[in-house]
Amino acid sequence: MIYRGHVQNGMVVFDDQANLPEGTEVRVEPLTPQPGKTLAEQFADVVGQALDLPPDMAERHNHYLHGAQRKRGEGIRRSANTYETRG
């Protein structure tokens, strides 16, 4: 059964009579999305803190983090204008 209600003075108040036994476990979910922090706001304290990363970290993060194989002939970016090619 679903009971509807609203928050009043910090407590959930049922709109209609709900005869639930004392100690009954319930789950309360807001029906409308609540505003939250953006990802930038959530991670503001760590954004820009990683220093000395490879210049192509964003493009090749799977290789650097997980060891994913590069495609044959794909270059390794050493600087803005320099690539080293392998195989």
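General observations
- When residues of the range 37-51 are limited to those that are part of a loop (DSSP other than H, G, I, E, B) and either of a type in the set (A, V, I, L, M) or in contact with a Gly (Cβ under 8 Å, 6 or more places away or on another chain) (or both), the one surrounded by the fewest Cβ atoms within 10 Å (Cβ to Cβ): Leu51
- Among (1) surrounded by 11 or more Cβ atoms within 10 Å (Cβ to Cβ); (2) of a type outside the set (Asp, Glu); (3) at pLDDT 85 or above, the one test that Arg77 misses: (3)
The values are calculated or read from the model by the stated rules, or taken from the named source; none is laboratory data. Fair warning: this is a prediction, and the values are worked out from it, not measured in the lab. FYI the Cβ positions are ideal-geometry reconstructions off the backbone, even for glycines, and counts take in every protein chain you see.
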